[in-house]
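The values are calculated or read from the model by the stated rules, or taken from the named source; none is laboratory data. Fair warning: this is a prediction, and the values are worked out from it, not measured in the lab. Note that each Cβ is placed from the backbone with ideal geometry, even for glycine, and that neighbours are counted across all protein chains shown. SASA here: full protein model, heavy atoms, side chains in, ligands and nucleic acids out. Shrake-Rupley method; radii C 1.70, N 1.55, O 1.52, S 1.80 Å.
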Amino acid sequence: MNAVTQFLRGTCFLFLTVFFGALTSFGVSALVGPWVLDVYESLRGPIQYENAVSMYFFGAIILFMLGWGILILQRWTRERGVLWVFMVFAFVGIASIFIFDTAHRLQAEFSWIRYTTAGALLLTAVASLSIGWWYHRHGTIRFLRWLWWWLAAVFLYAAADEVFQLHEAMGMWLERVFRVDHAVGDYITMGYAVIGLVFLLVFVRTLFREYVPAHRLPIQLLLLGGVFYFLSTLFDTLDGWAHTWLTALGVRLTSGGTFVFSDLWYPLFAPRRFLNSLEEVFENIAAYLFALALVILVLQKYRPRFFDARARIFPRISRACAVVFGGGIILIIFWARPTLTAQSPIIGMDARAVAAPLSHGLSHTDALVYQEPWGVLIGNEGGGNVVSLFNRELQPSLDRDSGMVNVDGLAATPEAIFASDPVRHSVSRYTKQNGWEEFLTRKQGIRDPEGLAVVGDTLYILDETERKIFSVNTKTRVVESVKPKHRKFRAPEGIVYQPARDRFLVTDDVTGYIFSIRWGEEPKIFAGPDAKLRFPEEITVAENGNVFVTDNGTREIIEFTVDGTIVRRIRFRRMYGDLHGIAVVGSEGEQKIYVVTSDGYGSESFMPSMVWEF
């Protein structure tokens, strides 16, 4: 068997081992992840999506490191020892990001992962310079020194690109000047990979003669790093396709209203964010592989006898570790018992879908109110319309000629329905006699109307941008406004009238407070951090006076008494955590709760909007 054949066989074995190990590690992490997140949330409270994804990656890397360590232990050499030490160093670097950098997404501009990737690329550039210098002094193939110095410049540019986002800036410039597609930045990174492939094809014969078989491992690691980098560019380019495909799948699965996603799907909840995060992780791994390959090559060039030590074999220890490792994974998976479907979107409580995306045309649904004789009214934000469900039957008359673009808030009386549209800076009114008509516009002073509440002949409107509450007489259309003065009153979202105290309750989904406001008086705090609120959205009052609030930061519906004492917390599964509109119908004995689970993060999640009854 010649050297080339041995090299190709060894390279294929390495690639298959690494990618099988990576897929297996992440698969196990995904299977066990829901159980681990449950334990974490029982101790620390609800975890945000980006932090959960980091935990999945972190678990996968731990499993891969343990498995690779057992494999190396079977036949320990200094070459493998350097490989293992470098892997531990890389693991510590990426683990520090997952654990301590909780303020940034992995793909965000200031994520720490960019700096560790840039550091590895900078080390690669220094090693390239060292190899070029060796060829300058000792090499018989003189042009290799220039080749390695050129590669040093390439890796130095790649490090700068990571820190200063050069290709993103170049893409934005091309988009602005030549009006090209906004994805041109992704094509630039794909171009980098193509250039690298062309380079490899041009110099493959020379590189084989020089480095095979004497320096087989560094070349294999370089090729492996190239594959990881190429895959990272694919993730960056195909994230839109993945989102479209998963969105269509989610709509098909939930069209009948019986399929409920389990938490096993959670890593894919926001496909673009997941793939962009995976892109950053793969870029980081590629950078470490490039650095490792060239560090080993530098040692082989400058200290050729360093790797000549005899291999040490630990068959019993490695076998025992493999049995414990594999058996532990099987036991954990058996304990977690992962499933693709769940019984209900609510933890510990049954619920049924009364509106689904295909049958009712829901798209990024937001507001929800109940009012006789209209039934359940759904503000279909993405569809720019209002859907009425009466006895679970769609009432199509409300969809005709509404003229709205973005329905954000709803209120209703037995005679009329009111809907806010912050895109058109207006509030519309629907009556059976006149259909939809523009009721209030920017001319009356409103800018971005959000939540609505109607009391008698007066409609109350929250304006998120102006931080005001408008009151409008529905007969005379006389407009008044107040601007509550409180440092935590920043982004009013939902409003409801509380008859028992003759006050309004207003949620703020930025500061996490609920305010109790009487017209013309200073606001008081109804609930805040002490109630463990994060992003309170919509709010309603039941017949018995109790207050119900949806919080998509904690994935909970929180029920309060009239004075703000917590009665209970109803937590939803992670896939249904983007809670919005809520309506409570009936008295305590026959009480029904309707709630909207929207397509969280807007267009970034593949989850369809649905309305649930429990």
For region 471-484, enumerate the residues that are surrounded by 13 or more Cβ atoms within 10 Å (Cβ to Cβ), of a type in the set (S, T, N, Q) and free of Cβ contacts under 8 Å to residues at least 24 places away in the same chain. 473
Residue under question is residue 389, and the condition is that it be at pLDDT below 80, open to solvent by less than 50 Å² (accessible area, probe 1.4 Å), under 24 Å from residue 251 (Cβ atoms) and not in a loop (DSSP other than H, G, I, E, B); does it hold? yes
Just the residues that are hydrophobic (A, V, I, L, M, F, W, C) and over 30 Å from residue 337 (Cα atoms), please, taken from region 4-44. 4, 7, 8, 12, 13, 14, 15
Using beta carbons and a limit of 8 Å, which pairs, at least six apart or on different chains, have the first residue in region 145-158 and more than 14 Å from residue 207 (Cα to Cα) and the second one buried (at least 21 other Cβ atoms within 10 Å of the Cβ) and not hydrophobic (A, V, I, L, M, F, W, C)? 149/128; 152/128; 155/124; 155/128
Being open to solvent by less than 20 Å² (accessible area, probe 1.4 Å) and either assigned to a helix (DSSP H, G or I) or at negative phi (or both) is true for just one of 93, 119. Which residue is that? 93
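A quick yes/no check of all residues on (1) open to solvent by 10 Å² or more (accessible area, probe 1.4 Å); (2) modelled with pLDDT under 90; (3) within 22 Å of residue 579 (Cβ to Cβ):
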position: 486; (1), (2), (3): yes, yes, no
position: 498; (1), (2), (3): no, no, yes
position: 537; (1), (2), (3): yes, no, yes
position: 553; (1), (2), (3): no, yes, yes
Residue list for region 122-141, filter: open to solvent by 60 Å² or more (accessible area, probe 1.4 Å) and aromatic (Phe, Trp, Tyr): 133
Tell me which residues, restricted to region 103-113, are part of a loop (DSSP other than H, G, I, E, B) and either buried (at least 18 other Cβ atoms within 10 Å of the Cβ) or modelled with pLDDT of 75 or more (or both). 103, 104, 105, 106, 107, 111, 112
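Rundown of residues vs (1) within 30 Å of residue 599 (Cα to Cα); (2) open to solvent by 30 Å² or more (accessible area, probe 1.4 Å); (3) at pLDDT below 85, yes/no style:
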{"residue": "19", "(1), (2), (3)": "no, yes, no"}
{"residue": "49", "(1), (2), (3)": "yes, no, no"}
{"residue": "52", "(1), (2), (3)": "yes, no, no"}
{"residue": "58", "(1), (2), (3)": "yes, yes, no"}
{"residue": "70", "(1), (2), (3)": "no, no, yes"}
{"residue": "75", "(1), (2), (3)": "no, yes, yes"}
{"residue": "79", "(1), (2), (3)": "no, yes, yes"}
Going by the conditions given, is residue 467 at pLDDT 90 or above and either among the acidic types (Asp, Glu) or farther than 18 Å from residue 481 by Cα (or both)? no
May I ask you to list the residues in region 251-265 that are of a type in the set (Ser, Thr, Tyr) and under 28 Å from residue 41 (Cα atoms)? 254, 258, 262
How many residues does region 272-295 contain that are under 11 Å from residue 228 (Cα atoms) and not hydrophobic (A, V, I, L, M, F, W, C)? 5
Output the number of the condition that residue 562 fails; it satisfies all remaining conditions of (1) of a type in the set (A, V, I, L, M); (2) open to solvent by 20 Å² or more (accessible area, probe 1.4 Å); (3) assigned to a strand (DSSP E or B). (3)
Count, please, the residues in region 514-569 that happen to be among the acidic types (Asp, Glu) and more than 28 Å from residue 480 (Cβ to Cβ). 6
When residues of region 508-525 are filtered for being open to solvent by 20 Å² or more (accessible area, probe 1.4 Å) and either of a type in the set (A, V, I, L, M, F, W, C) or not in a strand (DSSP E or B) (or both), how many remain? 9
Residues (at pLDDT below 85 and charged (D, E, K, R)) located in region 205-251: 205, 209, 210, 236, 239
Can you name the residue in region 142-166 that is open to solvent by 50 Å² or more (accessible area, probe 1.4 Å) and either outside any helix (DSSP H, G or I) or hydroxyl-bearing (Ser, Thr, Tyr) (or both) and, of all such residues, is modelled with the highest pLDDT? 157
Could you check region 429-487 and list, in sequence order, the residues that are touching an Asp or Glu at 6+ places or on another chain (Cβ under 6 Å), farther than 21 Å from residue 384 by Cα and hydroxyl-bearing (Ser, Thr, Tyr)? 471, 474
